[in-house]
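To start, the structure under review is shown below, and the notes come after it.
The values are calculated or read from the model by the stated rules, or taken from the named source; none is laboratory data. Model, not experiment: these values are computed from the prediction. In this analysis, Cβ positions are derived from the backbone assuming ideal geometry, glycine residues included, and neighbour counts consider all displayed protein chains. To get the accessible areas, we keep the full protein, side chains included, count just its heavy atoms, and leave off ligands, DNA and RNA. Shrake-Rupley method; radii C 1.70, N 1.55, O 1.52, S 1.80 Å.
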Amino acid sequence: MHILFLSSKFPYPLKDGGAIATFQCFKGISKFAEKVHILSFNTTKHFVNEQDINKSEFPADSYTLVNINTNPTFFKAFFNLFFSRKPYILQRFKSSAFRKELEYLLKKFEFDIVQVEGLYMLQYLNDVRKHSNAKITFRAHNLEHQIWEQLALKTKNFIKKAYLNSLAKRILRFEKKCLNSYDFLLPISNEDAAYYQQLGSEPPVKVIPTGFD
């Protein structure tokens, strides 16, 4: 079995929950799959030098990194707010270089499963469908819109609060738009699974918590 992971952040070093969740799943699947490959952004915020990657965990042929600057800017956020209905954070992970690498891998290898790690990587789902017959699993790390709602609640600045609430609504709209576009849903908790099903998610569900040795 051949499996391709799509990730917005390379899961190394293990500094946060998202990296740990992706790494443990990647590590577990690598024990029985014939080929496991991760195509990941290498962001400015979580930049990793390839020479620092543990080769015993990630052999050289098991990953592809695409450098991207995801730092927000006032101009781009302002333009997005008034001239787009998409959440700004989604556009920050939009990359033609990533699409090119994805197409290359899908044509080079016949993957059985493409696992999408996190909501924002679902914007590449059509590219996967176009170049592959692989089944698509969506590993939902969080209910993303709720994170931004909580940030808005904690913010006292009126303008910032209004912006964060707008962003949360846009993310929720994207979450609903992506429902049933994947073949399998893999949430991390039973609560998240129930929420997605309440929204109308119909594909088979398997809760896969973050694993630990």
Rounded to the nearest 20 debye, what is the charge dipole size of segment 92-213 about its Cα centre when +1 sits on each Lys and Arg Cβ and -1 on each Asp and Glu Cβ? 780
For the chain, what does -39500 (n - 2.57) per DSSP helix run (n ≥ 4), summed and divided by total residues, give at 222 nm, in deg cm²/dmol to the nearest 500? -13000 deg cm²/dmol
Assuming R0 = 22 Å, can you tell me the calculated FRET efficiency for the pair F109 and K55, based on Cβ-Cβ distance, to the nearest 0.05? 0.60
Taking Cα atoms, how many degrees apart are the long axis of helix 74-83 and the longest axis of the chain, rounded to 10 and kept between 0 and 90? 80
Figure the gain on full extension for V207 and E191 (residue separation times 0.36 nm, minus the Cα-Cα span) and round it to one decimal in nm. 4.8 nm
Given pairs K94/K156; K86/K130; K9/K94 and cut-off 25 Å on Cα-Cα distance, the over-length ones are K94/K156
If the elastic network links every pair of Cα atoms under 10 Å, which of Y195, Y12, Y88 fluctuates the most in the Gaussian network model of the chain? Y195
Would you mind pulling out the separation of the Cα centroids of segment 1-71 and segment 109-171, in Å? 18
Would you mind working out the magnitude of the charge dipole of the chain relative to its Cα centre, with +1 at each Lys and Arg C-beta and -1 at each Asp and Glu C-beta, to the nearest 20 Debye? 1020
Using the C-alpha atoms of segment 109-181, what convex hull volume per residue, in cubic angstrom, is computed? 84
Compute and list, largest first, the equivalent-ellipsoid semi-axes of segment 1-68 from the alpha carbon gyration tensor, each √(5λ) rounded to a whole angstrom. 19, 12, 11
Please work out how much accessible surface L105 shows to a 1.4 Å probe, ignoring ligands, DNA and RNA, in Å² rounded to 10. 10
Candidate cut points under trypsin sites (Lys or Arg not before Pro) in segment 1-60, DSSP loop plus at most 15 other Cβ atoms within 10 Å of their own Cβ, are K15, K31, K45, K55
Rg and Dmax of the chain, using alpha carbons, in Å: what are they? 17.2, 53
Kindly report the accessible area of segment 62-171 per residue (heavy atoms of protein chains, probe 1.4 Å, no ligands, DNA or RNA), in Å². 58
Put +1 on the Cβ of each Lys and Arg and -1 on the Cβ of each Asp and Glu in segment 1-81; which of I38, L81, G17 then has its Cα farthest toward the positive end of the dipole? L81
State whether segment 153-213 is rounded, prolate or oblate according to the following rule on the C-alpha gyration tensor (a ≥ b ≥ c being the square roots of its eigenvalues): a/c under 1.5 gives rounded; otherwise a/b larger than b/c gives prolate, and the remaining case gives oblate. oblate
Whole-percent carbon and sulfur share, accessible surface of the chain, 1.4 Å: 54
So, with +1 on the Cβ of K and R and -1 on the Cβ of D and E, and no other charges, what is the size of the charge dipole of segment 51-132 about its Cα centre, to the nearest 20 debye? 580
Ignoring solvent entirely, what values of log10 I(q)/I(0) come out of the Debye formula for segment 34-103 at 0.11, 0.21 Å⁻¹ when each Cα is a single scatterer? -0.37, -0.95
